Amino acid sequence: MRLTPRKEEIQVVKDILESDEYANADQMAKALIKAVADALWMRDWYGVGTKFREDDPFWLPYGPFASESEALQTVNKYGSGVVARTTKLYSPGRLVAFHEGKDWPGYCRTCKHDATWHMQDGSSRGKCVSCPACKKFKK
Ligand SMILES: [Zn+2]
Ligand SMILES: [Zn+2]
């Protein structure tokens, strides 16, 4: 998987590396793995489905790939003789965060919901649909 680290992903790693909360390298390593997995869970990915013939009803799915071009390049390089399609895999983290909220860039600092939930009064970035106490989206 080829991915370019994003600002918010670098920050979660830096927060752990610069922290004094961890007693030893094992604890820090566990925290880093969990934090990186959580950060990558917020990304959209790409999948590749392959099958040997167009009339074959079953796709063999592969993924995730960090970009559609990575998915296509992999298929072009290793998928000779198969039928292949790419598909976008929307972020599982955003699906959950849409309902539960998330402390993450693009989400309200007050109530943790997505900006699209802050349209109750007709203005974008206004009151949150889910949280009566949140009157305005806070970046
Ligand atoms: Zn809010
Ligand atoms: Zn809210």
- the chain: calculated mean residue ellipticity at 222 nm from DSSP helix runs of at least 4, using -39500 (n - 2.57): -10500 deg cm²/dmol
- Listed here are the pairs K112/K139; K102/K138; K30/K102; K7/K139; K102/K136; which of them are more than 18 Å apart at the Cα? K30/K102
- Task: Putting +1 on Lys and Arg Cβ atoms and -1 on Asp and Glu Cβ atoms, find which of L32, S19, G126 reaches farthest to the positive end of the dipole of the chain.
- Result: G126
- Task: Please give the length that would be gained between Y78 and D38 if that part of the chain were fully extended, namely 0.36 nm times their separation in residues minus their C-alpha to C-alpha distance (nm, one decimal).
- Result: 11.4 nm
- How large is ³J(HN,Hα), in whole Hz, for each residue of the range 112-126 in order, when computed from phi with the Karplus curve 6.51 cos²θ - 1.76 cosθ + 1.60 and θ = phi - 60°, using x for Gly and Pro? 6, 8, 4, 4, 5, 7, 9, 10, 4, 8, x, 9, 5, 6, x
- Debye, to nearest 20: dipole size of the chain, +1 on Lys, Arg Cβ, -1 on Asp, Glu Cβ: 560 debye
- Query: So, counting K/R as plus one and D/E as minus one, what does the shell of residues with Cβ under 13 Å around D121 add up to?
  - Reply: +4
- Item | Prolate/oblate/rounded label for the chain (Cα gyration tensor, a/c 1.5) | oblate
- Item | Angle between the chain longest axis and helix 7-17 axis [Cα atoms, degrees, rounded to 10] | 70 degrees
- Take the alpha-carbon centre of the range 117-137, take the same for the range 9-72, and report the distance between them in whole Å. 32 Å
- Helix 68-78: inclination vs the chain longest Cα principal axis, degrees, rounded to 10, gives 20 degrees
- Note on the structure: Note, N76: beta-carbon cut-off 14 Å, +1 each Lys/Arg, -1 each Asp/Glu, net 0
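A short reminder: the numbers here are calculations on the coordinates, not readings from a lab. Since this is a predicted model, take the numbers as computed values, not measurements. Virtual Cβ from ideal backbone geometry, glycine too; neighbours counted across all protein chains shown.
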